[in-house]
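Undergrad: First the structure, which I've put down as structure tokens, then a few questions once you've had a look.
The values are calculated or read from the model by the stated rules, or taken from the named source; none is laboratory data. All figures in this text were calculated on a predicted structure; none of them were measured in a lab. Note that we place each Cβ from the backbone using ideal geometry, even for glycine, and neighbour counts take in every protein chain shown. What goes into the accessible areas is simple: the full protein's heavy atoms, side chains included, and nothing from ligands, DNA or RNA. Shrake-Rupley method; radii C 1.70, N 1.55, O 1.52, S 1.80 Å.
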Amino acid sequence: MDVTAERGDGDTTLWDPSQCAGTPYCPPRCPRFVDKHGAGLVVRTYVSDDWERLREMYLSYGTEHQSLGLPPTGATRIDEWLEGLVERGRNYVAVDGDEVVGHVTYAPRDDPEPELAVFVHPDSHDRGIGTELCRHVVADAESNGHDALVLHVAPENRRAIHVYLGLGFEVVPSESSETKMRLSFDAVDIPTTGPPADASRE
């Protein structure tokens, strides 16, 4: 495998995904991801060593990019919120070089239909990272025996709703003013293990 494939900006990625065929030992979805600009990232399960970098992502997030009050603002509220997600949920991060640029979670992990939430740092929007993060938790939740995933989104956030519809979510009735969506694992084919070159084009 060529580990010095050129990026669009002249830097190098850590791999050439066109030469990867996958193995039986791969996780439910390949952690190697090539974004819309040709940059290589890793999307993987959160580990405790990610805490400071993930916290830093949220500290620099900016209130103008909040949706439905999330992510919270201020170090104390961010810490409390993240501690709850780490303790109760399943979490994945998108790592670009030394920085965490995206985070997705579903919680509580023991609920048959846990709730999904995804956040990408504003500086990394429009790269396909949020969609790839969602694909990872969809594959993870399905492989761990959950029945479905649900999420809530602001009804005016049409762009996000379009992405979720493309992943197989459907709008379902809700008493809330927010739009509720649900993805049943009985109703769709879940993209799982495959070469990163294929995964990036789904």
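Undergrad: Using the Cβ atoms and a cut-off under 10 Å, what net charge is assigned to the surroundings of Val137, where Lys and Arg are +1 and Asp and Glu are -1? Numbers along the way, then the final one.
TA: Working: positive: Arg29, Arg90, Arg135; negative: Asp140, Glu142.
Surrounding charge for Val137 is +1.
Undergrad: Taking all pairs of distinct Cα atoms, average 1/r, flip it, and tell me the Kirkwood hydrodynamic radius of the stretch 28-184 in Å to one decimal place. If you can, show how the numbers build up before the last one.
TA: Working: mean 1/r = 0.0631 Å⁻¹.
By the Kirkwood definition, the hydrodynamic radius is 15.8 Å.
Undergrad: Given 0.36 nm per residue, what is the gain on full extension from Ser143 to Thr131 after removing their alpha carbon distance, in nm? Walk me through the numbers before you get to the answer.
TA: Working: separation 12, 0.36 × 12 = 4.32 nm, distance 1.84 nm.
Working it through step by step, the gained length comes to 2.5 nm.
Undergrad: Something else: Calculate, in nm to one decimal, what Ala154 and Asp49 gain on full extension: separation in residues at 0.36 nm each, minus their alpha carbon distance.
TA: Values: separation 105, 0.36 × 105 = 37.80 nm, distance 3.22 nm.
Taking Ala154 through Asp49 to full extension adds about 34.6 nm, to one decimal.
Undergrad: Report the accessible area of Val42, computed with a 1.4 Å probe over the heavy atoms of all protein chains in place, in Å² rounded to the nearest 10.
TA: 40 Å²
Undergrad: Could you rank the peptides 161-168, 130-137 by their average count of other C-beta atoms within 10 Å per residue, with the highest value first?
TA: 130-137, 161-168
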